[in-house]
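Here is the structure we will look at.
The values are calculated or read from the model by the stated rules, or taken from the named source; none is laboratory data. In this text the structure is predicted, and so the values were computed from the model without any measurement. Neighbour counts are summed over all protein chains in view; Cβ atoms, including those assigned to glycine, are modelled from backbone coordinates with ideal geometry.
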Amino acid sequence: MKFLIATDSFKDSLSSIEVGNCVKSGILRAIPHAVVDVSPMADGGEGTIDTLLYGGHGKEIQIEVHDPLMNKIMAKYAILELDGEEVVFIECARSSGLPLVPAGRRNPMLSNTYGLGEQIKDAIEKGYRRFILSLGGSATNDGGIGMLQALGWEFFDDNGIILGNTGNPLLKTAFFSDENILPKLQECTFIAASDVTNPFYGLQGAAHIFAKQKGASDQNIMELDLALERFSTLIQKEYGVNVQEIAGAGAAGGLGGAIAGALKGSIQSGVELVIELTALEEKIMAADLIVTGEGSLDNQSVMGKVPVGVAKLANKYGKPVIGMAGRIDTNLDEVNKYFNGVFSIQTECRTLDEALKPDISALQLEITAEQIARLVSVHF
């Protein structure tokens, strides 16, 4: 019997690799002779690079860049092979992520994505031309202007004074120039990997939906939203691209819009890209049973998350698929369309803080996986 374990991370507890290995241990306790393939998954956000490098594929490059508050840090990006060509994969969270900013200093009015642009610039100077940029977990809401500054764009305020690369330049941008951008940018292609489809601005846009969790006040959100709307007008005027009409332009504080507009890139589902990059379809075809999951399985899971993406592919080939999670929503009508069964790993009452402890999550995953394996072994 061959199992395929393709889970996302259990956020704030275990990585997707750790989850997969725990599930594998539980299955092998029940069925020692089983063949268990662990293929960790991600949706393009934090942890995606580790997932893609699992098994020794690709390499990492480390450079010094600036974090969201313009402090110098070391950050890595990955070089992967796709269709016989080397592709740069950069997680924006490694240079512009929320965990890089202490809780008491989180404020998207003062942070930017300059460090992400530095990573892109470094890869271009090393000769790479194909880029995949994952947009999850940012601390910023600068519309990608910081990133563009690092690549040579110049932004000006109402008085024609060039804006520096500290704070959030989006707030004072009145116009921009691309006369001094890196010449090699014209040879590059960009894909943004995102698990959200929010527009650039408006009530469902970058500021209104995501800025509060990054430290913005209600007044800040209004200012950020107006600034994004102004910037979208500038992008359309200069490049003929209406980023407001592009699903996902509001991802990572508007990074999606800058990539689609100024960098002439595209925005794709993060989980679909990871499925392609990890050759998951071939692995599913070879498996008898697929196990997937994430920290919380609920109706939000159908909105571009890993478990449903994996389950849909399993359904395509008529393979049974099991979902595991730390939390299971009581309203699973949508989720149940894709799974043969979903299971919470909780076996007793615990506080959330206790349940999230890595050692407890690991034990619970193993116990639950063993019980599932004991059950399904009867039918195979």
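Numerical summary
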{"item": "Selected residue (criterion: farthest from the chain's Cα centre (by Cα)) from residues of region 85-99 that are among the hydrophobic types (A, V, I, L, M, F, W, C) and either under 18 Å from V274 (Cβ atoms) or buried (at least 23 other Cβ atoms within 10 Å of the Cβ) (or both)", "result": "V87"}
{"item": "Test for V271: is it over 18 Å from A206 (Cα atoms), in contact with a Gly (Cβ under 6 Å, 6 or more places away or on another chain), touching a residue at least 24 places away in the same chain (Cβ under 8 Å) and buried (at least 20 other Cβ atoms within 10 Å of the Cβ)", "result": "yes"}
{"item": "Number of the exception - G265 against (1) surrounded by 24 or more Cβ atoms within 10 Å (Cβ to Cβ); (2) in contact with a strand residue (DSSP E or B) (Cβ under 9 Å, 6 or more places away or on another chain); (3) over 14 Å from M41 (Cβ atoms)", "result": "(1)"}
{"item": "Strands (runs of 3 or more DSSP E) contained in region 1-78 and holding at least 3 residues closer than 27 Å to S377 by Cα and either within 16 Å of the chain's Cα centre (by Cα) or of a type in the set (V, I, T) (or both)", "result": "35-38"}
{"item": "Flag for G146 being assigned by TED's automatic domain parsing to the domain that holds P68, part of a helix (DSSP H, G or I), in contact with a Phe, Trp or Tyr (Cβ under 6 Å, 6 or more places away or on another chain) and buried (at least 24 other Cβ atoms within 10 Å of the Cβ)", "result": "yes"}
{"item": "Search result, residues across region 327-342 that are of a type outside the set (V, I, T), out of contact with any helix residue (DSSP H, G or I) (no Cβ under 6 Å at 6 or more places or on another chain) and within 19 Å of I290 (Cβ to Cβ)", "result": "L332, N336, K337, N340, G341"}
{"item": "Pair list, Cβ < 6 Å and 6+ apart or interchain, from region 308-324 residues that are under 17 Å from L297 (Cα atoms) and of a type in the set (V, I, T) to residues that are at pLDDT 95 or above and outside any helix (DSSP H, G or I)", "result": "V310/A6; V310/T292; V321/I290; I322/V291"}
{"item": "Qualifying residue in region 303-310 (condition: on the phi > 0 side of the Ramachandran plot, in contact with a strand residue (DSSP E or B) (Cβ under 8 Å, 6 or more places away or on another chain) and surrounded by fewer than 21 Cβ atoms within 10 Å (Cβ to Cβ))", "result": "yes"}
{"item": "Residue under evaluation G152, criteria (1) at positive phi; (2) surrounded by fewer than 24 Cβ atoms within 10 Å (Cβ to Cβ); (3) in contact (Cβ under 8 Å) with a residue 40 or more places away in the chain; (4) not hydroxyl-bearing (S, T, Y), criterion not met", "result": "(3)"}
{"item": "Search result, residues across region 31-76 that are out of contact with any helix residue (DSSP H, G or I) (no Cβ under 6 Å at 6 or more places or on another chain), within 25 Å of I124 (Cβ to Cβ), surrounded by fewer than 18 Cβ atoms within 10 Å (Cβ to Cβ) and among the β-branched types (V, I, T)", "result": "I61, I73"}
{"item": "Members of region 221-268 found to be touching a residue at least 40 places away in the same chain (Cβ under 8 Å) and part of a loop (DSSP other than H, G, I, E, B), listed by number", "result": "I246, A247, G248, A249, G250, A262, L263, K264, G265"}
{"item": "Failed item, numbered, when D333 is tested on (1) surrounded by fewer than 19 Cβ atoms within 10 Å (Cβ to Cβ); (2) part of a helix (DSSP H, G or I)", "result": "(2)"}
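To keep it simple, each residue is scored yes or no on (1) part of a helix (DSSP H, G or I); (2) more than 24 Å from K11 (Cα to Cα); (3) out of contact with any strand residue (DSSP E or B) (no Cβ under 9 Å at 6 or more places or on another chain).
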{"position": "K283", "(1), (2), (3)": "yes, yes, no"}
{"position": "S296", "(1), (2), (3)": "no, no, no"}
{"position": "K319", "(1), (2), (3)": "no, yes, no"}
{"position": "A325", "(1), (2), (3)": "no, no, no"}
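So that you can scan it fast, the table gives a plain yes or no per residue for (1) farther than 30 Å from E282 by Cβ; (2) at pLDDT 95 or above:
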{"residue": "P320", "(1), (2)": "no, yes"}
{"residue": "M324", "(1), (2)": "no, yes"}
{"residue": "R327", "(1), (2)": "yes, no"}
{"residue": "E334", "(1), (2)": "no, no"}
{"residue": "L356", "(1), (2)": "yes, no"}
{"residue": "S361", "(1), (2)": "no, yes"}
{"residue": "L365", "(1), (2)": "no, yes"}
{"residue": "T368", "(1), (2)": "no, yes"}
